[in-house]
Amino acid sequence: HGERHPELADVKDLRDDLEPHLAKEERVLFPMIRQLCSADEPIAFHCGPSRNPISELIEHDRAGALLEQLRDRTDDYIAPPDACDSYRALAKGLAELESDTHLHVHKENHLLFPAVITLENERGRPTRDAVARHGEQQSAG
């Protein structure tokens, strides 16, 4: 398809942008949030307060721009007349991905991230003892 449909190269760019972002959420931020929610006292995270990784993840502008570019280049994700079934399925999936991504970004930026920062602020700053205990737990785990 590549020679007749150069817009498909944008799908790789989108994947290359989204995969590291989602991996960072799954490997760094979401475990921090689970730990914060189950803790009875302030937690000293390896990267500092939760707002540090949140500030890196809150920017979804590139993914949004790539999706907008894909939508424009595919005429709102409409498969061209010469498209095979795989291309048609891809076009439908990209439309769903754009919708899901907008919802994902909205929930994170307007609900999850502010709630996490508020919870962490309510817990207060970790004491030196809490920092030491957390370091010991990380070493043992």
For region 62-105, name all the residues that are of a type in the set (Lys, Arg) and touching a helix residue (DSSP H, G or I) at 6+ places or on another chain (Cβ under 7 Å). ARG62, ARG71, ARG73
Please list, ordered by first then second residue, the pairs with beta carbon atoms under 6 Å, 6 or more apart or interchain, first in region 94-119 and more than 27 Å from ASP76 (Cα to Cα), second open to solvent by 90 Å² or more (accessible area, probe 1.4 Å). ILE117/ARG51
For residues that are farther than 17 Å from ASN121 by Cα and free of Cβ contacts under 8 Å to residues at least 12 places away in the same chain, tally how many sit in region 18-49. 8
Checked pairs for region 50-62, first more than 10 Å from GLU25 (Cα to Cα), second at pLDDT 85 or above and not in a helix (DSSP H, G or I), C-beta under 9 Å and 6 or more apart or across chains, list as ASN52/PHE45
Result of the Cβ filter at 8 Å on region 74-85, keeping first residues that are closer than 14 Å to VAL11 by Cβ and partners that are open to solvent by 100 Å² or more (accessible area, probe 1.4 Å), at least 6 apart or interchain, is TYR77/LYS92; ALA79/ARG88
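The values are calculated or read from the model by the stated rules, or taken from the named source; none is laboratory data. Since we're looking at a predicted model, the values are computed, not measured. Counting neighbours? That spans all protein chains shown, and the Cβs are built from the backbone with ideal geometry, glycine included. The accessibility values were calculated without ligands, DNA or RNA, using every heavy atom of the protein model including side chains. Shrake-Rupley method; radii C 1.70, N 1.55, O 1.52, S 1.80 Å.
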